[in-house]
Amino acid sequence: MGPPLRRVLLLGEGNFSFSAALCGAQGTHVVATCYESEEEATERAGAARSIRHLRDSGAEVVFSVDCTKLKEHFLPGEREFDRIYFNFPHCGRKAGVVKNRQLLARFFHSCTEVLAQEGEIHVALCNGQGGTPADQPRREWHNSWQIVAVAAGAGFILSQVHPFKAETIDGYKCTGYRSQDKSFCVEGALNHIFTRSTAPLCSTPVSCKTQLGSQKVSFQVPQVLVDKMNRGFLEANSNHPVRTIKEKLSAGLSQAFPLQNISSCLPLLHQGHPNGVCHSNIFWISLSPGEAPSTEEMSQELASTALFSHFGQDTDQNVQEGCPIPKQFYLRPSLLPHAQAIIKKRAFSPGTLQVLSGPVFRKCRITPHSMPVFHEMLVVLAVSRGTENSCIQMLVDNIQTTMTSLHQGVSGVKPSISLQEATSLGAELNDLAAFERQLGEIQHFLCVGTEPDPSGSCVGVIRTAPDELKSHELVVVSASLNLDLLAMLLCGISDWRMLWTLDRRFLRQFPQGELRLFKSFSLYPPSYVHDVSFWVPDGEEFDEVAFHTLARSVSAEMVVSIQLRDNFQQPGTGRRSLCYRVTFQSCDRALGCQEAAEMQLHFRQEIQQHLGVTLR
């Protein structure tokens, strides 16, 4: 018994010549339909001949089918189609842009009830009608059908677009110009292929269990991170590019240094306050009721681990002086404390490279490369004093060799990797570099550049241990790398959010962890712009990071840009008003204008409630 037939539905056929050309395909069952009655349809030139050919070939021909009510025309067992074609839809006669957008909207909503889960919708439009960058020339918004935004309202994304080549379709003749038996110009026409989007994220609270001290505790995951906890990207069975890059870097480093991987069981939560790090950059966590470890237990745990001095000065002092430990918990913003615990306990062999890796969490503003969570790879090496500079250069050269090999295998373009002195980077610091400076002194920034930006983006930092931790003989060197940024650079991924998509089409592009240039499955995603204005509470500094974090949370990471448009101070009262422009856009799933408007409304409510602003 062979594979099941692929069911293909064709809508709005004029003379059925397109259906007749398709019906001979092996393994395909064609259902050809039109809006007119059989009597009206057969009046078109060539229609009767095409209909006869379809029926003789075993295809179904159905008349009086309304494309906006597809479910009504098919029995329950016959409603699932693998492909739906709608060539050159039109309301008829001189219907304008608005009516044709409405027709498409109702059509896409109707398709949700008859399209197979992995099915495709093919919509051919005349040049310029679609309103995408693929149209040449591209029409203004008001003069095009905005097919991608319309489809998004029904949960579909544009996955492919290519020329509609009428001349390659045997016997095809377009007809139906202004509802007449006349042809029309299809030069420059495009075929738009839509697929189902993944469903919106569930907004219900999510709990996470983790080890804290010697006991398991659970906590409610911050809403902005619900789809990013416990994803297992670095686990042994993962094909995710961040794991591939980590493994390739580790393999390269092992050629130059003895290597020990100690990434297992690193706790997600820390207690106390990371001294020197801005409070608003931290994801603070409340444990589930009754689960907080005792002060005595945590004192012993903290004293034994002795977290990184820059992070844990306040906490260590509390342990030493016997002061009560504040029961504040936060998601780790860096793996540096774990590395420093190893150093302080002298749990390392000089010359052996210690490798730690795992996700870290940081609140940050919304920019193209700002990530509230990413995978850090931290390598730590104890070397003889006086040799640290040569060892740093060995590390960088090794990373350069591995990155060059990986990048050439993916795209054939050689990346430029450079060390930049910490004092040489100023205003051009990206968010990674800016945050890393909060964690402690930096000797070098590690920058990777590719065409068309050879100047480079900061993907890591290199430090030596604080003076009080140096012995007379040894110096500890550490290098921190952002694996997510490296994956983006190597695989040509323009949006960091794509690394976290739940759509399986992402990982299918990296079989067995093979690195390849990424090809987006969501083309020309629509964007929606909203403004929000409010009065800032008197005498308070406005927390812009908290503002951006709320935007991330209410939109499920669908806000791509927040720009300050106006900063106004009212004469006389001194009250300050801010106006921000918020742009909503998804990189991997459908986002319709109604959903974006609802997100904006929710955002307004949240900033009023949590930031104490007065909306204007």
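The values are calculated or read from the model by the stated rules, or taken from the named source; none is laboratory data. Remember, it's a predicted structure, so these values are computed and weren't measured experimentally. Glycine gets a Cβ as well: all are built from the backbone with ideal geometry, and neighbour counts include every protein chain shown. Note: accessible area is taken over every heavy atom of the protein model, side chains too, but ligands, DNA and RNA are not part of it. Shrake-Rupley method; radii C 1.70, N 1.55, O 1.52, S 1.80 Å.
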- the range 6-196: Lys pairs at Cα distance under 18 angstrom, eight or more positions apart or on different chains: 4
- Message: With +1 assigned to the C-beta of every Lys and Arg and -1 to the C-beta of every Asp and Glu, and no other charges, what is the dipole magnitude of the chain about the Cα centre in debye, to the nearest 20?
- Response: 920
- Taking a probe of 1.4 angstrom, what is the accessible area of ARG7 in Å², to the nearest 10? 50
- Query: Which of SER405, LEU611, SER586 sits farthest toward the positive end of the charge dipole of the chain, with +1 on the Cβ of Lys and Arg and -1 on the Cβ of Asp and Glu?
  - Reply: SER586
- the range 6-196 - charge dipole about Cα centre, Lys and Arg +1 at Cβ, Asp and Glu -1, debye rounded to 20: 480
- Query: Mind ordering 603-609, 370-376 by average Cβ neighbours within 10 Å, highest first?
  - Reply: 370-376, 603-609
- Query: Looking at the chain, what % of its DSSP beta bridges pair antiparallel, to the nearest 5?
  - Reply: 80
- Item | Heavy atoms of ASP538: accessible area, 1.4 Å probe, square angstrom to 10 | 120
- Query: So if we plug the beta-carbon distance of CYS278 and LEU502 into 1/(1 + (r/R0)^6) with R0 = 35 Å, what FRET efficiency do we get, rounded to 0.05?
  - Reply: 0.70
- Task: Round to the nearest 10 and give me the degree value, 0 to 90, for the angle of helix 593-611's Cα axis relative to the longest principal axis of the chain.
- Result: 30
- Which whole-number value in Å² is the accessible area per residue of the range 6-196, probe 1.4 Å? 48
- Task: Kindly state, to the nearest 0.05, the FRET efficiency for VAL206 paired with THR401, given R0 = 30 Å and r defined as their beta-carbon distance.
- Result: 0.15
- Karplus-derived 3J(HN,Hα), 6.51/-1.76/1.60, for each residue of the range 187-204, Hz, glycine and proline x: 5, x, 5, 10, 9, 9, 10, 10, 10, 5, 8, 5, 6, x, 5, 6, 8, 6
- Item | TRP496 accessible area, 1.4 Å probe, all protein chains in place, Å² to nearest 10 | 10
- Would you please put 361-368, 349-356 in order of how densely packed they are, using the mean number of other Cβ atoms within 10 angstrom per residue and starting with the highest? 361-368, 349-356
- Message: From the protein chains alone at 1.4 Å, what is the descending order of accessible area for ILE562, ILE245, largest first?
- Response: ILE562, ILE245
- Express the relative contact order of the range 6-196 as a whole percentage, based on alpha carbon pairs under 8 Å and six or more residues apart in sequence. 22
- Degrees between helix 97-111 axis and first principal axis of the chain (Cα, 0 to 90, nearest 10): 80
- Query: Based on DSSP H runs of at least 4 residues, each adding -39500 (n - 2.57), what is the mean residue ellipticity at 222 nm of the chain after dividing by all its residues, to the nearest 500 deg cm²/dmol?
  - Reply: -8000 deg cm²/dmol
- Item | the range 484-616, accessible area per residue, ligands and nucleic acids excluded (1.4 Å, Å²) | 46
- Query: Top to bottom by accessible area (1.4 Å), largest first, where do TYR330, TYR528 land?
  - Reply: TYR528, TYR330
- For the chain, whose charge dipole is built from +1 on Lys and Arg Cβ atoms and -1 on Asp and Glu Cβ atoms, the candidate among GLN420, LEU335, PRO525 with its Cα farthest towards the positive end is PRO525
- Can you tell me the 0 to 90 degree angle between the C-alpha axis of helix 388-410 and the longest principal axis of the chain, rounded to 10? 10
- Task: Report in % the part of the accessible area of the chain that belongs to carbon and sulfur, leaving out ligands and nucleic acids; probe 1.4 Å.
- Result: 49
